[in-house]
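These notes are about the structure you will find just below.
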Amino acid sequence: MLLLKSTFKKNTSMVVAKVEIMLLLLILVFIISLHQVASDSVQESFFQCFSSHSSQNHSNQTSKVVLTSNTSDYSFVLQSSIRNLRFLNTSTPKPEFIVTPIHTSHIQSAIICSRKYGFQIRVRSGGHDYEGLSYVADVRFVMIDLFNLRSINVDIQNGFAWVESGAILGELYNKIAEKSNLHGFPAGTCSTVGVGGHMSGGGFGTMLRKYGLAADNIIDAKMVDVNGKVLTRESMGEDLFWAIRGGGGASFGIVVSWKIRLVAVPETVTVFRSVPYTMELGGTKLLQKWQNVADKLHEDIFLHAVLDVSDSSSSASNYSTSVQVQFLCLSLLGVEKLVSLMQHSFPELGLKPQNCTETTWIQSVLYFAGFSTKESLDVLLDRSTQFKGFFKAKSDYVVEPIPEAGLEGLFKRLIEEQTSMLILTPYGGRMSEISESEIAFPHRKGNLYKIQYLVTWDDKDETDKYIGWMRKLYGYMTPYVSKNPRAAYFNYRDLDLGKINNNSGNTSYEQAKVWGFKYFKRNFNRLIHVKMAIDPSNVFRNEQSIPVLPSQLRK
């Protein structure tokens with residue numbers, strides 16, 4: 001009898017458990033169905049909103065322009081411009097919609113409809129942002145990818161060009177070269193970088209000591225504001241025009257296109273690349289001398305230094321690995337004048353005419369982009385010729401030469417991770433002549449050079465290890481770089497410096513200025529006032545956007 005009662009209770013418990021499981025499954029299916037219905041409803045509403053706000057001639061293109069996860073091109077478009085594999089995995093948040101505008105009215109529609117349905121907005125032009133902020137967010141968001149908006153109109157006679165934000169630098173350089181071999185533009189060396197982010201964050205290249213930054217040579221812009229209104233320099237006002245040149249456009253609206261001033265380049269320029277010098281075989285002394293002369297050279301000479309780790313077991317060195325330094329140069333001077341000036345200022349490098357190559361400016365673009373100068377210029381049109389891997393980067397500014405002891409400690413740390421690299425970019429010349437407040441980019445007079453730290457790896461499971469190593473390296477460099485603030489380059493975005501609470505969009509001034517002053521120095525306060533005037537509800541925001549202050553701090 002007891003056995004029967006026990007068996008009955010056991011069977012009853014099993015039945016109850018099965019019923020409970022079935023109920024839970026039904027509830028789960030019901031919730032998923034509701035979610036799907038809601039999702040489908042939001043998608044349909046977003047599409048209708050988008051069509052109704054697009055211009056009459058472009059309203060029928062919604063299905064081609066707005067992509068969802070169910071669209072065949074969604075994954076391809078999303079992944080096409082992701083350069084840092086840290087943000088290309090299944091756990092990375094994905095946009096609800098990807099908008100690929102082919103007309104300005106599509107950008108207007110995307111802004112209006114994203115606001116209506118509570119989506120945050122992220123904007124991508126080239127996808128090179130180091131922390132993935134143009135295509136990753138921890139809230140529901142819409143990504144506006146500008147790659148279809150890349151028209152370039154060059155006016156050689158009047159010395160300017162209009163270039164849309166979705167163009168890459170290689171396309172811009174190629175288009176200028178088609179029209180003239182005596183004109184160029186002072187922007188970056190990586191041909192696949194998107195114009196939009198590059199110019200709005202500053203944008204430096206091999207002619208910065210002669211002509212300043214890309215942002216220094218912007219003379220007009222067309223952008224769409226938070227209300228979907230199209231603005232130009234005249235209608236946006238000088239404060240906003242000031243802010244989007246070096247302060248990052250994504251905090252204020254979406255810049256559709258830029259009017260840039262072309263600069264004069266000689267018919268032939270000179271380039272050279274030194275042999276790599278290990279630190280044991282003279283590299284340390286050369287680097288010390290470079291620190292003292294690179295910013296003081298003639299403004300037509302750009303000589304930067306690259307540090308990396310190499311296997312020196314086959315050389316005369318007794319070390320199996322060593323840090324090496326290599327010097328690369330673009331000169332707007334002829335070979336004889338360049339060699340003469342270098343022998344006077346930097347004789348230790350031993351530069352001779354046979355070490356140099358005379359070429360055209362556009363071929364020097366190929367040279368610094370890592371291509372052969374004999375390569376077809378069409379290679380500059382390829383948006384995919386770019387390193388893709390796991391990486392972490394940081395930046396610093398150096399105002400006094402790093403002493404030998406400091407360099408030796410740096411070398412020891414670089415050898416710990418053989419995929420590390422430092423790129424040292426000299427300042428001086430035109431960069432010392434432009435006021436810190438001329439545009440939002442502030443890093444000018446007093447800087448000897450800028451450091452970009454970079455480490456790469458192949459396995460996502462090693463991410464924490466390499467990021468930890470980079471943070472330790474950055475900590476070690478603290479005594480040797482700029483202070484109060486320890487400055488950083490906005491286009492080398494680094495979330496280690498601090499970030500906004502993205503869910504609420506609110507942050508305190510004390511919290512925001514920690515990273516804000518590193519990027520923008522005293523210009524940060526003016527950027528906040530521009531932000532509050534143009535986007536007081538903080539629609540255009542990301543983890544390091546210009547914040548909107550609480551009302552009590554707006555006085």
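Data table
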| item | result |
| --- | --- |
| Listed residue pairs exceeding 24 Å between alpha carbons, taken from LYS499/LYS531; LYS116/LYS392; LYS222/LYS521; LYS450/LYS513; LYS210/LYS259 | LYS116/LYS392; LYS222/LYS521 |
| Ordering of 326-336, 272-282, 460-470 by burial proxy (mean other Cβ atoms within 10 Å per residue, highest first) | 326-336, 272-282, 460-470 |
| Solvent-accessible heavy-atom area per residue, rounded to whole Å², over the chain at 1.4 Å | 44 |
| For the range 274-426: rounded, prolate or oblate by the Cα gyration tensor [a/c cutoff 1.5] | oblate |
| Greater than 18 Å apart at Cα, pairs in LYS394/LYS518; LYS175/LYS229; LYS296/LYS352 | LYS175/LYS229; LYS296/LYS352 |
| For the chain, cysteines whose Cβ has no other cysteine Cβ within reach (under 4.7 Å) | CYS190, CYS329, CYS356 |
| Dipole moment magnitude, nearest 20 debye, the range 107-155 about Cα centre, only Lys, Arg, Asp, Glu C-beta charged | 280 |
| Sequence-separation-based contact order of the range 140-250, relative, with Cα cut under 8 Å and 6+ spacing, percent | 19 |
| Computed over the chain: relative contact order in percent, which uses C-alpha pairs under 8 Å that are six or more apart | 14 |
| Sum of -39500 (n - 2.57) over DSSP H runs of 4+, divided by residues of the chain (222 nm, nearest 500) | -10500 deg cm²/dmol |
| For peptides 175-183, 192-200, sequence by mean Cβ density within 10 Å, most packed first | 192-200, 175-183 |
| Convex hull of the chain built on C-alpha atoms - directionally averaged projected area, nm² | 34.2 |
| Burial order of peptide ranges 235-242, 96-103 (average beta-carbon count within 10 Å, highest first) | 96-103, 235-242 |
| Shape of the range 358-477, Cα gyration tensor, a/c cut at 1.5 | oblate |
| Surface share of carbon and sulfur [accessible, 1.4 angstrom probe, percent] for the chain | 53 |
| Spread of Cα-to-Cα distances over 5 Å intervals beginning at zero, given as percent, for the range 187-334 | 2, 8, 15, 15, 12, 11, 11, 9, 7, 5, 3, 1, 1, 0 |
| The range 136-185 versus the range 382-429: alpha-carbon centroid distance in Å | 28 |
| Charge-dipole axis of the chain as Lys and Arg at +1 and Asp and Glu at -1 on Cβ define it, positive-most pick from ILE402, SER54, PHE147 | SER54 |
| Kyte-Doolittle mean at least -0.5, axial Cα span of 30 Å or more - DSSP H helices of the chain | 2-53 |
| Separation of alpha-carbon centers, the range 238-260 and the range 521-550, rounded to whole Å | 13 |
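The values are calculated or read from the model by the stated rules, or taken from the named source; none is laboratory data. Everything quoted here is computed from the prediction, not taken from an experiment. Neighbour counts run over all protein chains shown; Cβ positions are idealised from the backbone, glycine included. Just the protein is used for accessible areas: all its heavy atoms, side chains included, with ligands, DNA and RNA removed. Shrake-Rupley method; radii C 1.70, N 1.55, O 1.52, S 1.80 Å.
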